[in-house]
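What follows is a single structure, written as structure tokens, with notes after it.
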Amino acid sequence: MDCNKINEELNGKTTNEIITWALSIAKKPVVTTNFRPYEAAILHAVSSLNSRIKVIWCDTGYNTPNTYKHAEEVIAKLNLNIKLYVPKQTTAHRDIVLGTPEINTQKHQIFTEQVKLEPFKRAMQEHKPDIWFTNLRKGQTAFRDSIDIVSQDVSGIIKVSPFYHFTDQDLEAYLIRNKLPNEFKYFDPTKVLEDRECGLHA
């Protein structure tokens, strides 16, 4: 797939037009979420055009109470087809044997593998998507600045980021326009720093 050519063609298109294009070539599309701030936008945009699309939620087990309440509200409001994936070890057990290790240590790599990467890999292996809708946006990390609306990962999955060129203000306006909730009390134990790549996309 010539991503450069496709991105040239999609440049300036609306989110609906981008999603419609992606769905037209998809056989097994999915959208992933962690219910962080502004996630309701991508979930609304995609599910509005494909109401039964599989929504993969990899819950680390370390979300804030606010995030869990927000997730339940969005799931109910949009009637999402949620596919929930959690680590194989409970949070309570891991807290005893590993805890939450310091960033840039081998133990933190093990922690990240357990709570985020393994559940995500398991989800992808089970659903085998060809199109993966994400809420990646330009300006979030150096890696995300290097991609575009459409990119392809090492396994060949086509990643589509309909809101790639949106700012926080643009997404806020989208949420208000569509009467969607938002929640800022969010915590990712694998990142700590906001500009740190989560490991699923790089």
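The values are calculated or read from the model by the stated rules, or taken from the named source; none is laboratory data. Note that the structure is predicted; figures quoted are calculated from it, not measured. Virtual Cβ from ideal backbone geometry, glycine too; neighbours counted across all protein chains shown. The protein model used for the area step is the full one, side chains on, heavy atoms only, and it has no ligands, DNA or RNA in it. Shrake-Rupley method; radii C 1.70, N 1.55, O 1.52, S 1.80 Å.
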**Prompt:** If you roll a 1.4 Å probe over the heavy atoms of the protein chains, what accessible area per residue do you get for the range 1-140, in Å²?
**Reply:** 51
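What GluC sites (Glu not before Pro) in the range 57-107 are in a loop by DSSP, with at most 13 other Cβ atoms within 10 Å of the Cβ?
Working: sites: 72, 73, 102; in loops: 102.
Of the GluC sites (Glu not before Pro), the ones in loops of the range 57-107 whose Cβ has at most 13 other Cβ atoms within 10 Å are 102.
Compute the length gained on full extension between residue 100 and residue 83: take 0.36 nm times their separation in residues and subtract their Cα-Cα distance, giving the result in nm to one decimal. All intermediate terms of the calculation are to be shown ahead of the outcome.
Working: separation 17, 0.36 × 17 = 6.12 nm, distance 2.58 nm.
The residue 100-residue 83 span can extend by a further 3.5 nm.
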**Prompt:** If you average the sequence gap of Cα pairs under 8 Å that are 6 or more apart and divide by the length of the chain, what percent do you get for the contact order?
**Reply:** 29
**Request:** Roll a 1.4 angstrom probe over the protein heavy atoms and tell me the percent of accessible area of the chain that is carbon or sulfur.
**Result:** 52
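Can you give the relative contact order of the range 42-125 as a percent, counting alpha carbon pairs under 8 Å and 6+ residues apart? Intermediate values should be presented prior to the final figure.
Details: 75 pairs, mean separation 28.8, N = 84.
Normalised by residue count, the contact order of the range 42-125 is 34 percent.
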**Asked** Taking Cα atoms, how many degrees apart are the long axis of helix 168-177 and the longest axis of the chain, rounded to 10 and kept between 0 and 90?
**Response** 70
**Item:** Straight-distance crosslink candidates among aspartates and glutamates, where the alpha carbon sits under 12 Å from residue 5 and sequence neighbours closer than 8 are dropped
**Value:** 148
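Given the C-alpha atoms of the range 1-88, compute the convex hull and give its volume per residue in Å³.
Enclosed volume per residue, from the Cα hull, is 124 Å³.
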**Request:** Would you mind computing the Rg to Rh ratio of the range 1-154 from its alpha-carbon coordinates, Kirkwood style for Rh?
**Result:** 0.99
**Prompt:** Each label point is 7 Å from the Cα along the Cα-to-Cβ direction; what then is the distance between the points at residue 7 and residue 27, in nm?
**Reply:** 2.6
**Request:** Assuming 0.890 mPa s and 25 °C, estimate D for the range 74-150 with Stokes-Einstein, Rh taken as the Kirkwood radius over Cα pairs, in µm²/s.
**Result:** 160
**Asked** What does the helix-only formula give at 222 nm for the chain: each DSSP H stretch with n ≥ 4 adding -39500 (n - 2.57), the total divided by the residues, and the result rounded to the nearest 500 deg cm²/dmol?
**Response** -11500 deg cm²/dmol
**Complete:** Within the range 1-49, DSSP-loop trypsin sites (Lys or Arg not before Pro) with at most 15 other C-beta atoms within 10 Å are 13, 27
**Prompt:** How many percent of DSSP beta bridges within the chain run antiparallel, rounded to 5?
**Reply:** 15
